[in-house]
Amino acid sequence: KLNHYSTAIEALEEGFKISAANSQLYFRRSQARAYNKGASLDDLYKAKEDIAKAIEIKNYEKVFQSEPGILKILNIHNAHEVYVEHAKVVEERIKEKIEEEKTAIRSKRSK
């Protein structure tokens, strides 16, 4: 939210040292990469990998096997929908970045 994307990614990397199989870490790192307006196409592909991993891991995490009431208290009752929606955002950012790069190439060719 504060646009400190590289700092967020660094903090998440520290989190991965503690727990590599945590969907929230992958989800948040994907967000940090995808919402960074200065992200490269490679960063966006990494964001896509992260959100895919988050969706995959979520299906096996014990916390998501809990009762719906507990998930609601933890505010993760709709995690699947949020993850899938974010995956769509990442895909859109990738398309935008590809188009941006094509436009830059066309512009250089016409000069």
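I want to confirm something. Restricting to region 81-111 and keeping residues that are closer than 20 Å to GLU56 by Cα and open to solvent by 80 Å² or more (accessible area, probe 1.4 Å), which single residue is modelled with the lowest pLDDT? Break it down into steps so the answer makes sense when it comes.
Applying the first criterion (closer than 20 Å to GLU56 by Cα) to region 81-111 yields 81-91.
Next, only the ones that are open to solvent by 80 Å² or more (accessible area, probe 1.4 Å) stay: 81, 85, 88.
On the way: GLU81: 83, GLU85: 91, LYS88: 95.
The residue in question is GLU81.
Could you grab the pairs with beta carbons closer than 6 Å, sequence gap of 6+ or different chains, first residue in region 8-34 and part of a loop (DSSP other than H, G, I, E, B), second one open to solvent by less than 30 Å² (accessible area, probe 1.4 Å)?
Hits for this filter: ALA21/ILE57.
Taking the residues in region 19-42 that are modelled with pLDDT of 90 or more and surrounded by fewer than 18 Cβ atoms within 10 Å (Cβ to Cβ) as candidates, determine which candidate is farthest from GLU101 (Cα to Cα).
Here the residue is TYR35.
The values are calculated or read from the model by the stated rules, or taken from the named source; none is laboratory data. On a predicted model such as this, the values are computed, not experimentally measured, just so you know. Here Cβ is always computed from backbone atoms with ideal geometry, including for glycine, and neighbour counts include all displayed protein chains. With ligands, DNA and RNA removed, areas are computed over all heavy atoms of the protein, side chains included. Shrake-Rupley method; radii C 1.70, N 1.55, O 1.52, S 1.80 Å.
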